[in-house]
1. What percentage of all Cα-Cα pairs in the chain are separated by more than 21 Å?
2. Which of the DSSP-defined H helices in the chain satisfy a minimum axial length of 15 Å, computed from C-alpha atoms, and a minimum mean Kyte-Doolittle hydropathy of 1.0?
3. To the nearest Å, what is the center-to-center distance of region 30-56 and region 169-196, using C-alpha atoms only?
4. Counting each DSSP H run of 4 or more residues in the chain as -39500 (n - 2.57), what helix-only mean residue ellipticity at 222 nm follows after dividing by all residues, to the nearest 500 deg cm²/dmol?
5. Mind pulling up the Rg/Rh value for region 1-85? Radius of gyration and Kirkwood radius, both on Cα.
6. If you roll a 1.4 angstrom probe over the protein chains with everything in place, what fraction of the accessible area of the chain belongs to carbon and sulfur, to the nearest %?
7. Can you put M181, M57, M4 in order of accessible area, largest first, using a 1.4 Å probe?
8. How high is the relative contact order of the chain, in percent, with contacts defined as C-alpha pairs under 8 Å that are six or more residues apart?
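The values are calculated or read from the model by the stated rules, or taken from the named source; none is laboratory data. Keep in mind it's a predicted model, so treat the numbers as computed, not measured. Heavy atoms of the whole protein, side chains included, go into the accessibility calculation; ligands, DNA and RNA do not. Shrake-Rupley method; radii C 1.70, N 1.55, O 1.52, S 1.80 Å.
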Amino acid sequence: MEVMKESIDAIIGNIREAEELLTEEDINNFLDVLRKSKSIFVTGAGRSGLVSKAFAMRLMHLGFSAYVVGETISPAITSGDCILAISGSGETSNIVSAAKISKELGAYVLAVTSYPESTLGKLADGKVLVKGRTKLEVDDEDYLKRQISGNYTLLTPLGTAFELTSLVFLDALVSELMSAMDVTEDDLKARHTNLE
């Protein structure tokens, strides 16, 4: 149980550190693009894809036309739409490809990444830096140095820190949108599925 508690502390610590890197300008830009977009498409690979689906659900609850890239019911993206791409590395090939196609078709691109200077970051009309250990760092040269200094990666294996911090960031962004749109939890409940 000691490792589990240390892991929770490490995850919370990463979220706190990431919070310090958020800027009002970046958040306002994100909010502006989301609110002016006709439809919002979300994408991410692996666990980042699960985070994108959770965010799409909340966007739907807020009354946005939200779609998950790759789902059978997703329509074509067009000019005036937006794609929000989640990639810690900013180099995941299918995520970068979707962002490039979206940009070519006149859609806005928003990026949630640990590497703002990545290919995805450079494509983005708005980006938020979410620090967290990503797949790029799993096999890096500093592995031995981290182990000697007591930075045990088993506390947040692979992309855990990035994925969970992205989830918290996007859920907090939903709260910001609720406030800006004067939407209540009752409004969200009214759009929640009733087929369960």
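1. Above the 21 Å cut-off, the chain has 52 percent of its Cα pairs.
2. Taking the DSSP H segments of the chain (at least 15 Å long, mean hydropathy at least 1.0), we get 160-181.
3. Region 30-56 and region 169-196 have Cα centres separated by 14 Å.
4. My calculation for the chain gives -16500 deg cm²/dmol from helical runs alone.
5. Dividing the radius of gyration by the Kirkwood radius yields 1.08.
6. 54 percent
7. M4, M57, M181
8. 24 percent
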